[in-house]
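Scroll down for the structure; my scribbles are underneath it.
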Amino acid sequence: MEINQQFKRHRRLRSSASMRSLVRENHLRTADLIYPIFIIEGENIRNEVPSMPGVYQVSLDLLHEELKEIYSLGIRAMMLFGVPNEKDEEGTGAFVDSGIVQEATRVIKQMYPDMLVVADTCLCEYTSHGHCGVIHNHDVDNDESLKLLAKTAVSQAKAGADIIAPSNMMDGFVTVIRQALDEAGFHNIPIMSYAVKYSSAFYGPFRDAADSTPQFGDRKTYQMDPANRLEALREASSDVEEGADFLIVKPALSYLDIVREVRDRFNVPVVAYNVSGEYSMIKAAAMQGWINEKEIVMEKLTSMKRAGADLIITYFAKDVAKWLNEE
Ligand code: PBG
């Protein structure tokens, strides 16, 4: 037959690599990436996390090597998690000046002053019970926990952290941490709020890496129900009112609808946290030879940008930086 109907020829803009590159709408950049690392107390330790191949718990004395690699790849933002030797009811290790994250921050800022240190502000890695705050009557006490989180944020800022990222999901954490930072003279230290943090099974491998599994119960009285969308907007809106400078949506992959809505409704930078379980699933399939790791990772992270994320926290940051540098 002869086709004489008019129709649109979308393939015109896909005809070659140069053409596709010319019309590409979203781009990954190394500058968009934040690389999370786990610092463990002790010496000469470099433990691969069994459920996160390629991710290590590193002791302070071995941090230099790790830092050199990260810096030379062009990564300029890191998120720090501490794995302390000792834990107690109040999570004291989170807010003492000699805490592992505080020590690591000093090492990093001394070696690379222009490397941004993002401190995760939470108690779960430091409490004996593994919850993100202090326990009263078998539940996490919101306001008592806020006082310790404020202390933690100030001690992190004192050690040189550039950004405070509270992940504990207590109500009012932005207000209280902002007030404490300001009173301590840290007016210019921004808060990257884990505003929208779901109670997610995708955090499983992280809890191995950070040794932060709750010893009883779960986090459902403070982290969000994965079924909810409006609740995410309420959380984001109160955090913006309270003074959050960035909004995190976490996890990323199963919540790209939320990333889009948060991007559309608020005018602060939006951060997607590509969490541990999302990393492990790809690694596992790649190790079996079932998928092309590079292509899957690039596609996945690009989808986060397309959904509206300005920045991405990802354990793949080093790989992505390498791949981008090769191009
Ligand atoms: C601490 C915290 C968690 C993650 C980041 N900060 C764990 C949790 O809430 O249980 C998870 C990150 C990941 O899975 O990669 N509250």
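Some points to look at:
- To put it simply, the accessible area of the chain at a 1.4 Å probe is 48 percent carbon and sulfur.
- Lys, Arg +1 and Asp, Glu -1 on Cβ, resulting dipole of segment 26-326 about Cα centre, debye, nearest 20: 900 debye
- Helix-only CD estimate at 222 nm, as mean residue ellipticity for the chain, using -39500 (n - 2.57) per DSSP H run (n ≥ 4): -11500 deg cm²/dmol
- Fraction of beta bridges assigned by DSSP in the chain that are antiparallel (%, nearest 5): 15 percent
- Sorting 299-311, 118-130 by average packing, meaning the other beta carbons within 10 Å per residue, from highest down gives 118-130, 299-311.
- Listed peptides 225-237, 168-180, 85-97 by packing density, highest first (mean Cβ within 10 Å): 168-180, 85-97, 225-237
- Note that segment 26-326 presents 40 Å² accessible area per residue, ligands and nucleic acids not counted, probe 1.4 Å.
- Sequence ranges 186-196, 70-80, ranked by mean other-Cβ count within 10 angstrom, highest first: 186-196, 70-80
- Rounded to the nearest 10 degrees, the inclination of helix 100-111 to the longest alpha-carbon principal axis of the chain is 60 degrees.
- Spatial separation of Cα centroids for segment 256-288 and segment 79-104, in angstrom: 27 Å
The values are calculated or read from the model by the stated rules, or taken from the named source; none is laboratory data. Owing to the predicted nature of the structure, the values given are computational and were not obtained by experimental measurement. Don't worry about glycine lacking a Cβ; one is built from the backbone with ideal geometry, like all the others, and counts go over all protein chains shown. Surface areas here come from the heavy atoms of the whole protein model, side chains and all, with no ligands, DNA or RNA. Shrake-Rupley method; radii C 1.70, N 1.55, O 1.52, S 1.80 Å.
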